[in-house]
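First comes the structure, then the notes that go with it.
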Amino acid sequence: MATLSAFSSPPWPNPNPNPNPNPNPNFVDSFSDHSFPPESDSDSPIPQDPIEPPHPQDPNPNPNATQNPNIQYPLTTPPDSPPSPQPNLLHLSFNQDHGCFAAGTDHGFRIFNCDPFREIFRRDFISSSTDSAAEESGGGISAVEMLFRCNILALVGGGPHPQYPPNKVMIWDDHQSRCIGELSFRSNVRSVRLRRDRIVVVLEQKVYVYNFADLKLLHQIETIANPKGLCAVSQQTSSLVLVCPGLQKGQVRVEHYASKRTKFIMAHDSRIACFALTPDGQLLATASSKGTLVRVYNTIDGTLLQEVRRGADRAEIYSLAFSSTAQWLAVSSDKGTVHVFSLKVNSASAGNDKPRSASDPNLAVTQSSTSLSFIRGVLPKYFNSEWSVAQFRLPEGSHYIVAFGHQKNTVVILGMDGSFYRCQFDTVNGGEMTQLEYHNFLKPEEAF
């Protein structure tokens, strides 16, 4: 639960740029204070006075630009400002359709388009001055959660000099270049997830689900210690599926809000290190702290559908990502290699037990995993594992996250060292991916 603070008469924008003909009757035009029942535990929110919003920058840096009338609040173009020193990255994340990504830095945040690659805009909260006064003024953003390409973002302060307290979620309206509200908690916010109808806030041992229109608290969930803020939500408008750690090591909890059902899945023996959900919420990929195996589950009944092997040595899994059709699964880890696996079951057929034909091209690259089935049980399980179809090797020493690109058979890789890679994989022959593009998005380029 959280304390909601309202700023001076800001309009609350509709997070859905294409609203339904029959709008939600509970939609409100502006923030108002809400009283939530008090809690006695350490994660309870504490009353806070409204903070002063940051001084608005240019709310419309490009007033003559032609705007799409079908998008209510498009992202703005970069303002003309003098170059600032290269910042330190604190956060990287893709938006919901992997068409954009957000970078939180010790200066502020930046938003980039993936295809074609370009910086859309940046917001630096501190000046380019290097004196101690400027450094002490804040600016650090440790989490930036986009809402597709809407102008509404969720920000969390972080780093040595946070722009906002790390126990607050700030609702930023880039159309106004300022915060229009906040959610305040008693402990630090680990992550935030957005849908067009929900805001999900993850703390160390709790998850809070709010209605986007009026910020009413709808649900709170207790979890095992979750320092990474692991959480995933589906993006299909017809149903909401939320996945978070359970109360036991290796357990995940799946909330199906449409059917009001909760499913617990004992996914691994070790603690959960990473997971990913398909947009429709039907498939869940999980990895443990061992990092050798990735498992794919049906979220409805908890059935294990497939198990693939990243490698034999322990590794820290940094990210998992499904392709849009759930035909492929990408994995990044601290070993410096991104793997792409072929999945036997796609999201649409997750509930269909009918086997695919062996001639299915989607299975062509996985037949090697079954060629030794006649000696299954004789050889160790390692030799019967399903291995990745394609790989891309990266410089070691940096944290990388991965997603599938909008171009066919491509992946986009982001590094905490500022690297952007676009690679293509061969679905027939597999092997090493082909690098198509590279940029360092922390360094200024003429293309921006």
Please go through segment 190-221 and pick out each residue that is aliphatic (A, V, I, L, M) and either closer than 19 Å to Gln251 by Cα or out of contact with any strand residue (DSSP E or B) (no Cβ under 9 Å at 6 or more places or on another chain) (or both).
Val202, Leu203, Val207, Ala213, Ile221
Phe109 vs (1) surrounded by fewer than 19 Cβ atoms within 10 Å (Cβ to Cβ); (2) modelled with pLDDT of 90 or more: all pass except (1)
Give the number of residues within segment 289-322 that are of a type in the set (Val, Ile, Thr), in contact (Cβ under 8 Å) with a residue 40 or more places away in the chain and surrounded by fewer than 18 Cβ atoms within 10 Å (Cβ to Cβ).
1
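Does Arg271 satisfy being of a type outside the set (Phe, Trp, Tyr), farther than 24 Å from Phe94 by Cα and in the same structural domain as Asp426 (by TED's automatic domain parsing)? Outline the logic, then answer.
Values: of a type outside the set (Phe, Trp, Tyr): yes; farther than 24 Å from Phe94 by Cα: yes; in the same structural domain as Asp426 (by TED's automatic domain parsing): yes.
Against the criterion (of a type outside the set (Phe, Trp, Tyr), farther than 24 Å from Phe94 by Cα and in the same structural domain as Asp426 (by TED's automatic domain parsing)), Arg271 qualifies.
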Would a scan of segment 232-239 turn up a residue that is out of contact with any strand residue (DSSP E or B) (no Cβ under 9 Å at 6 or more places or on another chain) and among the β-branched types (Val, Ile, Thr)?
yes
What do you reckon, is Thr303 modelled with pLDDT of 85 or more and either over 24 Å from Asp97 (Cβ atoms) or touching a Lys or Arg at 6+ places or on another chain (Cβ under 9 Å) (or both)?
yes
Taking segment 173-209 and keeping only residues that are without any contact (Cβ under 8 Å) to a residue 40 or more places away in the chain and assigned to a strand (DSSP E or B), one is left with Val207, Val209
Filtering segment 412-439 for residues that are closer than 18 Å to Ala103 by Cα and of a type in the set (A, V, I, L, M) leaves a count of 4
Candidate set: segment 124-145, residues that are at pLDDT 90 or above and in contact with a Phe, Trp or Tyr (Cβ under 8 Å, 6 or more places away or on another chain); chosen: the one farthest from His107 (Cα to Cα):
Val144
When every residue in segment 85-120 that is touching a residue at least 60 places away in the same chain (Cβ under 8 Å) and in contact with a Ser or Thr (Cβ under 7 Å, 6 or more places away or on another chain) is compared, the one farthest from Phe322 (Cα to Cα) is Pro87
Of the residues that sit in segment 418-430 and are in contact (Cβ under 8 Å) with a residue 60 or more places away in the chain and not in a strand (DSSP E or B), which one is farthest from Gln86 (Cα to Cα)?
Val428
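The values are calculated or read from the model by the stated rules, or taken from the named source; none is laboratory data. Being a predicted model, the structure only gives us computed values, none of them experimental. As a convention, Cβ positions derive from the backbone with ideal geometry for all residues, glycine included, and neighbour counts pool all protein chains shown.
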